[in-house]
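Presented below is the structure to which this report refers.
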Amino acid sequence: MTLEQLFAESLGVAVDLVHDDLTYQSIPQWDSTAHMLLIARMEDEFGVMLDTDDIIDMSSVAKARQILAKYDVQC
Amino acid sequence: MDDIHFNRYGIDLTSLQSDEIEMVRQWRNDPKIASLMLDQTYITEAMQQAWFIRMRQSSNQCYMLARFRGEPIGVASLTAIDMQQRSCEPGMYIYPDHYRNNILPFCVAFALNDLAFEQLGMQRLYGKIFDENTASVRFHEASGYIRYDGNEAGLSLYMLEQEPYLAARAKIARFIRY
């Protein structure tokens with residue numbers, strides 16, 4: 001699964017709406033509950049355990065990609 | 001009520017002090033916070049001062065400043081505290097944009113709920129949420145609340161008991177790794 005697909009499924013939006021500039025203040029679907037669903041899906045899909053600071057900092061698709069790279073996940 | 005100092009999930013909850021109420025007033029009057037409130041009246045300094053005096057003298061409510069790593073980030077409250085019925089109404093908001101819409105609101109809510117259930121011995125927590133506030137509805141449901149009533153104005157009533165709360169909390173608190 002691509003990062004874009006994972007975001008789309010977790011936030012309940014079309015995959016073509018997911019791009020690096022998508023931030024968590026920009027669409028109503030990205031609320032606290034969706035954020036935690038996103039984190040859970042991300043950990044399951046990529047086999048990582050994210051630091052809480054990274055969960056807080058994950059404020060855009062680009063930032064998610066950057067954080068996952070720290071865990072050796074290229075997506 | 002006695003002063004409260006409660007720490008959990010990386011969040012410090014401390015009873016609101018007089019030198020903090022102006023900051024809280026400015027947060028509360030900001031449209032991003034005020035628009036989520038049942039009462040959206042603009043609060044003047046005099047109104048805030050009068051409210052603070054009434055609140056500190058009251059035995060059935062407490063307002064706390066929530067801090068994360070020493071930084072004030074929001075307000076948490078327990079109102080309508082009924083020691084006979086063992087019930088109350090939690091409320092909270094987070095002010096800095098970078099701490100909203102992620103795990104921090106859950107950290108504050110869980111700290112507040114733990115305070116209510118464990119320290120104050122509450123058995124049931126109540127919430128009132130406008131149906132159109134879908135983020136709040138989803139947040140409360142993810143925390144274990146169930147809807148038990150509503151009215152034509154689109155205001156729904158929710159309640160939370162400890163057992164469903166603990167089950168809901170476990171699913172999210174596992175990501176709090178301080």
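Results, tabulated for the structure shown:
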| read-out | value |
| --- | --- |
| Likely footprinting exposure, A:W30, B:W51, fewest C-beta neighbours within 10 Å first | B:W51, A:W30 |
| Table column - 3J(HN,Hα) (Hz), region B:74-86, Karplus curve with 6.51, -1.76, 1.60, x for Gly and Pro | x, 10, 10, 9, 10, 10, 6, 5, 10, 6, 6, 7, 6 |
| Enclosed volume per residue, in Å³, of the convex hull spanned by Cα atoms of chain A | 77 |
| Base-10 log of normalised Debye intensity for region B:60-151 (one unit scatterer per alpha-carbon) at q = 0.23, 0.26 Å⁻¹ | -1.29, -1.47 |
| Placed amide H near B:F130: partners under 5 Å, 5+ positions off or other chain | B:S156 |
| Listed residues B:Y42, B:Y148, B:Y165, most fluctuating in chain B (Gaussian network, C-alpha, under 10 Å) | B:Y148 |
| Region B:13-108 - Rg (one decimal) and Dmax (whole number), Cα, Å | 13.5, 39 |
| Length-normalised contact order of chain A in % [C-alpha pairs under 8 Å, at least 6 apart] | 34 |
| Degrees between helix A:61-70 axis and first principal axis of chain A (Cα, 0 to 90, nearest 10) | 10 |
| Zero-based 10 Å bins, Cα pair distances in the protein assembly as shown, whole percents | 7, 29, 35, 21, 7, 1 |
| Cross-link reach list, lysines versus B:K128, counting only Cα pairs under 21 Å and skipping chain neighbours closer than eight places | B:K32 |
| Cα-based Rg / Dmax (Å) for region B:40-96 | 13.1, 37 |
| Between region B:18-33 and region B:100-134, the Cα center-to-center distance that results, in Å | 20 |
| Overall Cα dimensions of region B:130-172 - principal axes, largest extent first, Å | 33, 18, 6 |
| Surface/4 of the Cα convex hull for chain B, nm² | 10.0 |
| Value of [θ]222 nm, deg cm²/dmol, for chain B, DSSP H segments ≥ 4, -39500 (n - 2.57) each, nearest 500 | -9500 deg cm²/dmol |
| Hull-based mean projected area of region A:36-75, where the convex hull spans the alpha carbons, in square nanometres | 2.5 |
| Acute angle (nearest 10 degrees) that the helix A:32-46 long axis makes with the longest principal axis of chain A, alpha-carbon atoms | 40 |
| Reciprocal of mean inverse Cα separation for region B:1-57 (Kirkwood radius, Å) | 12.7 |
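The numbers here are math on the coordinates, done by the rules we state, and not lab data. Quick caveat: nothing in here was measured; it's all calculated off a predicted structure. Here the Cβ is made from the backbone with ideal geometry for all residues, glycine too, and neighbour counts use every protein chain on show.
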